Amino acid sequence: MTDHDESLGPEGYDVGAVEDWIKANVDSLKPPFEWTRLLGGHSNLTYALTDTEGTRAVIRRPPRGELLPKAHDMSREWALISALGPTDVPVPAAYGFCEDPSVTGKWFYIMGFVDGHPLYNSDDTNQYVPEDQRQKMAMSFIDVLAALHRVDPDEVGLGDLGKRDSYVGRQLKTWYRSWTSSVEPADYDDPRAHELQRYFLEHLPDQGPIRVVHGDYGPHNVLIGPNCTVDAVVDWEISTLGDPLADLAYALNFWPDPTDSQPPKPEAACAVPGFPSRTELAARYADQTGRDLSNLSYYIAFNRWKSAAIVHGVYARYCEGKKSTEGIDLDEMRERIGTTLTLAEEAIA
């Protein structure tokens with residue numbers, strides 16, 4: 001959300017300069033535009049543009065202020081939607097990318113508008129996906145991920161998107177460092193976080209064929225269209241090259257399964273009736289890709305552990321006073337760390 005006063009104009013954009021740039025560089029759009037703020041999207045400043053002929057597009061730039069070097073990487077998102085446009089992966093049309101910060105202070109890009117909705121919670125699902133359409137929607141969700149993992153990154157110009165050594169190994173290092181550095185400010189440690197990390201390192205699987213991994217593929221980062229199928233995948237900013245099974249397991253963890261010891265939170269997007277189980281979705285992915293999923297439980301457990309580390313780090317920042325705790329249930333967040341580690345243990349068992 002933003003505290004920016006929209007009556008002052010779109011946040012972070014010099015409207016005149018941006019519209020002049022688009023006029024000179026994007027043939028399919030006719031400025032001036034009507035600008036409408038779109039919420040969501042990892043705090044990037046995202047607006048819908050409607051041109052003089054009613055054509056709609058979306059513009060994105062990073063938030064204002066100092067950023068970490070790789071945070072909010074517009075060039076990465078642009079590279080991905082441009083490269084994946086001709087493939088079977090549904091992405092917004094790539095219209096234009098501006099690398100000249102003098103236009104509006106930061107790089108930005110323009111993509112096609114997709115008339116679809118992300119699913120953040122059960123209210124969204126109930127509003128946009130009727131119960132008799134949920135089987136179809138879930139299968140579309142998995143089919144699109146399978147399509148992404150069939151793309152050879154070298155063939156579409158994405159061979160330099162990231163490192164090619166062990167994706168899971170790198171993630172284990174990153175998130176274990178996050179856990180250990182958060183222990184003191186959070187005043188919370190759990191021996192299972194350390195035991196699981198050792199287990200994952202000792203049982204590190206051989207990485208299969210390198211593929212583009214989205215990194216945050218879930219119901220919140222796809223746009224569900226009027227036909228209740230995935231019409232576009234969005235928010236590619238942490239995508240890289242890596243192990244597709246890690247990407248699959250992350251996506252599957254949004255979906256409950258009868259084998260789970262704990263039901264999903266009732267407000268979760270996938271907690272409503274009518275969806276297939278996690279096991280059924282995994283079988284669908286195997287049919288679509290021909291991949292061996294015999295070690296899937298390792299990846300499911302790894303993603304649970306990683307989720308616990310992420311929540312632990314966020315909790316630590318709240319405890320340090322680095323984030324406002326208004327409206328945040330810190331006790332629930334602390335409990336969730338332990339619960340997620342339990343789920344990781346169960347996946348291995």
Subject >> Leading residue by the ranking (nearest to the chain's Cα centre (by Cα)) among those in region 225-256 that are of a type in the set (Val, Ile, Thr) and modelled with pLDDT of 95 or more >> reply: 233
**OP:** Find the residue count for region 211-265, including only residues that are without any contact (Cβ under 8 Å) to a residue 12 or more places away in the chain and in contact with a Phe, Trp or Tyr (Cβ under 9 Å, 6 or more places away or on another chain).
**Re:** 1
Original post:
Out of region 96-108, which residues are buried (at least 21 other Cβ atoms within 10 Å of the Cβ) and either part of a strand (DSSP E or B) or among the hydrophobic types (A, V, I, L, M, F, W, C) (or both)?
Top reply: 98, 108
**OP:** Go through region 107-151 and give me each residue that's of a type in the set (Val, Ile, Thr) and in contact with a Phe, Trp or Tyr (Cβ under 7 Å, 6 or more places away or on another chain).
**Re:** 110, 142
Subject >> Single match in 188, 176 (criterion: over 17 Å from residue 254 (Cβ atoms) and crowded, with 18+ Cβ neighbours inside 10 Å) >> reply: 176
Original post:
When both residues are 6+ apart or on different chains and their Cβ atoms are under 8 Å apart, which pairs have a first residue that lies in region 109-127 and is within 17 Å of residue 39 (Cα to Cα), and a second that is polar (S, T, N, Q) and not in a strand (DSSP E or B)?
Top reply: 117/127; 118/221; 119/125
Original post:
Hey, any hits in region 248-258 for a residue that's in contact with a strand residue (DSSP E or B) (Cβ under 7 Å, 6 or more places away or on another chain), closer than 30 Å to residue 110 by Cα and either buried (at least 21 other Cβ atoms within 10 Å of the Cβ) or not assigned by TED's automatic domain parsing to the domain that holds residue 135 (or both)?
Top reply: no
Original post:
Restricting attention to region 266-292, and to residues there that are touching a residue at least 60 places away in the same chain (Cβ under 8 Å) and among the polar types (S, T, N, Q), which single residue is surrounded by the most Cβ atoms within 10 Å (Cβ to Cβ)?
Top reply: 289
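Mind listing whichever residues of region 227-240 are touching a helix residue (DSSP H, G or I) at 6+ places or on another chain (Cβ under 6 Å) and either in the same structural domain as residue 92 (by TED's automatic domain parsing) or under 21 Å from residue 210 (Cβ atoms) (or both)?
236, 237, 239
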**OP:** Keeping to region 166-190, report how many residues are over 22 Å from the mean Cα position of the chain (by Cα) and charged (D, E, K, R).
**Re:** 4
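The values are calculated or read from the model by the stated rules, or taken from the named source; none is laboratory data. In this text, all values refer to a predicted model and were calculated from it rather than measured experimentally. For neighbour counting, all protein chains shown are included, and Cβ atoms are generated from backbone atoms with ideal geometry for every residue, glycine included.
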